[in-house]
Structures are given as structure tokens and as C-alpha cells.
Amino acid sequence: MKNFKGLYTALLTPFDKEGKINKDVLTKLIKYNIEKGVDGFYACGTTAEAFLMSTQDRMTLLEYTKEAAEDKKIIAHIGSLNEDDAIAMAKHAESIGCDAISSVAPFYYKFSFEDIKNYYYRIAESVNVPMLVYNFPMNTGVTMTMKELDQFFTSDRFFGLKHTSSDFFTMEQVKANYPDKIALNGFDEMFLAGLSMGADGGIGSTYNFMADKFVKIRQLFTENRIAEAQEIQHTVNKIIAVLFKVGLMPAQKEVLNQIGFDFGVCKHPFGELDADAKKLIADEVIPLL
């Protein structure tokens, strides 16, 4: 199995004025992130507005990503409440050469864990590429403890965990009990904390425009230069605090707009930022990048 340790940009999706995926801007962003030192890309996930897109558009987005990503690893998020669509997207990801697939747990209907486990296994068994379990309790309402994760990590079909949670005890237990599995930190504002509890890297949305900061934090951590790593994490968190203040998803696109990417706006029902929000980003985010 490939080594999935490292940093993966959770790609945002640029849309043109007609709401179509802007391939040229996406390609430019991917090249920019490669120059910043990322190891790969997490495509078609939450950050990409996947749940606001059609299945066909998600497949197209993945094709564009694969075409631009050179030799970097791609983890394709194929999660959907429609399991048939999820399997179709998993097979598509495999067919175009993606390295792995991933999915959030099925949500909204308050499925039992047995339902969730079977969902993951049916998708994983539909393809020959490995699968990354995505634990995101804040958005899905599904919390996976070590008891649940045990039922995935005894199988070779699941190579690790994307852990978008502040439950670092569970992350530590994953690495303690399954040292060969990969744990990837999900919350950018807690990246250094995740590394301290055993994370093998991270998947992040703010990597889109400041991946170099996370590359440096990881380097300093491995060199045991913790105070210096904390300083960069502090800067990252000052930026993220502003993004939260005005709305994370629209704010991230506005940052990219302001640094030279024609990224457009988020799909509805997201609203657009007003002039005050854009000025706040210009005044308090851009100078820190």
C-alpha cells in the first residue's frame, strides 16, 4: 500500500459566473499548492462544496484535479446519502487513477452504527483502492470512538482516519493500537495539537492559500522546535479567527480572490460577503499570509 503520510489540501472549487467549474483557475491553484510543498489533494470534499454539486459535476471536478495534480496523491471524497452514487463515484475515482477514496459517515437520518459500518464496507468492497474513514462529528452528528473504529481498522481495505474532531484521545488510541494506519488531522486550527497526539499529517481547507505554514509547522515539530511551531500556529489561528467571524466557506474563497485567483463565490444557499467583510479580510488576513 502507498504511504499516505503528509499534507493534503482539501481543495476549494472555483466557479465562473454561470456556476460552472473553472478548470483554469483550479489548475492554477493546484500548481500553487504543489509549489508550497503539499503531498497531495483531498478532492470533492466538504470544502469543495461537494454536497451542493451534482454527481456528474463532482466526477468532472475530480477529473480536472487528477489532470493537474502531476504525481501528487489524490484522495477522492465520494460520500453521498445516495449509496449508489457513492459507489459510482468510487469506481470513477479508481478508473481515472486516484490513489484512495474517502467518505463522511451517512448523516441526517441518524443511522445506527451497523448501518454506517455496512455503508463503508459496501463502498470499500466496490473498488480496489484503499479507503480513508472520515470522522467529522460536528457536521455529521456521528461520533466514532475507538470501539467503532476497531471495526474498520482490522480490515486492510481501510488505511486510516481523517479526524476532524478535537477528541485527540481517540486519535492517539488509533496510532497506539494500529501504528500502521494513517491518522490525518482535520481541524487546521488544531494542527500542532494533532501532531503532538500522533497525527501523520493533515487535510485542511486553509492549506489552499497558506499550505507553506503547515509544511513549516510539521517540519519544526519533527525537529522538536515546538515554540517556533507554536508561533506559526498562532498566526494560522489569527487568520482562521477572522474567517470564522465572517463565514468560513465564503471567506476562504474571498482570500483566494484577493491573492490573485478568480475564485468567484460559493454556491447557493451560501450568501456573498459584504464590503465590510471583504475589507476585514484585506486588513487582517492578507498581511499575515
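The values are calculated or read from the model by the stated rules, or taken from the named source; none is laboratory data. Keep in mind that this is a model prediction, so the values were computed, not measured. We place every Cβ from the backbone using ideal geometry, glycine too, and count neighbours over all the protein chains shown.
For the range 88-106, the tally of residues that are surrounded by fewer than 23 Cβ atoms within 10 Å (Cβ to Cβ), under 10 Å from I78 (Cβ atoms) and small (G, A, S) stands at 1. Taken together, T154, T164, T170 contain a single residue that is surrounded by fewer than 20 Cβ atoms within 10 Å (Cβ to Cβ) and not charged (D, E, K, R), which is T154. Checked against the criterion of being surrounded by 14 or more Cβ atoms within 10 Å (Cβ to Cβ), of a type in the set (G, A, S) and either in contact with a helix residue (DSSP H, G or I) (Cβ under 7 Å, 6 or more places away or on another chain) or on the phi > 0 side of the Ramachandran plot (or both), the candidates G260, G247 yield just one match: G247.
The residues of the range 168-179 that are without any contact (Cβ under 8 Å) to a residue 24 or more places away in the chain and assigned to a loop (DSSP other than H, G, I, E, B) amount to a single one, P179. If I filter the range 107-114 for residues that are crowded, with 19+ Cβ neighbours inside 10 Å and within 19 Å of the chain's Cα centre (by Cα), do I get at least one hit? Within the range 107-114, none of the residues are crowded, with 19+ Cβ neighbours inside 10 Å and within 19 Å of the chain's Cα centre (by Cα).
A Cβ distance below 8 Å, combined with a sequence gap of six or more or placement on separate chains, defines the contacts here; from the range 150-161, residues that are closer than 15 Å to N118 by Cα reach residues that are charged (D, E, K, R) and surrounded by fewer than 22 Cβ atoms within 10 Å (Cβ to Cβ) in the pairs Q151/K117; F152/K117; F153/K181; R157/E125; F158/K181.
Close contacts from the range 41-69, counting a first residue that is at positive phi and a second that is at pLDDT 95 or above and part of a helix (DSSP H, G or I), with Cβ to Cβ under 7 Å and a gap of 6+ residues or different chains, come to C44/A50; C44/R58; C44/L61; C44/L62.
Name the single residue that is surrounded by the most Cβ atoms within 10 Å (Cβ to Cβ) among those in the range 180-190 being in a loop (DSSP other than H, G, I, E, B) and either in contact with a strand residue (DSSP E or B) (Cβ under 6 Å, 6 or more places away or on another chain) or among the hydrophobic types (A, V, I, L, M, F, W, C) (or both). Spell out the reasoning first.
Applying the first criterion (in a loop (DSSP other than H, G, I, E, B)) to the range 180-190 yields 180-181, 186-187.
Filter once more, so that each one left must be either in contact with a strand residue (DSSP E or B) (Cβ under 6 Å, 6 or more places away or on another chain) or among the hydrophobic types (A, V, I, L, M, F, W, C) (or both): 181, 186-187.
Working: K181: 19, G186: 27, F187: 18.
Here the answer is G186.
Does I226 satisfy the criteria of being buried (at least 16 other Cβ atoms within 10 Å of the Cβ), within 21 Å of L289 (Cα to Cα) and not basic (K, R)? Taking the combined requirement at face value, the residue does not satisfy it.
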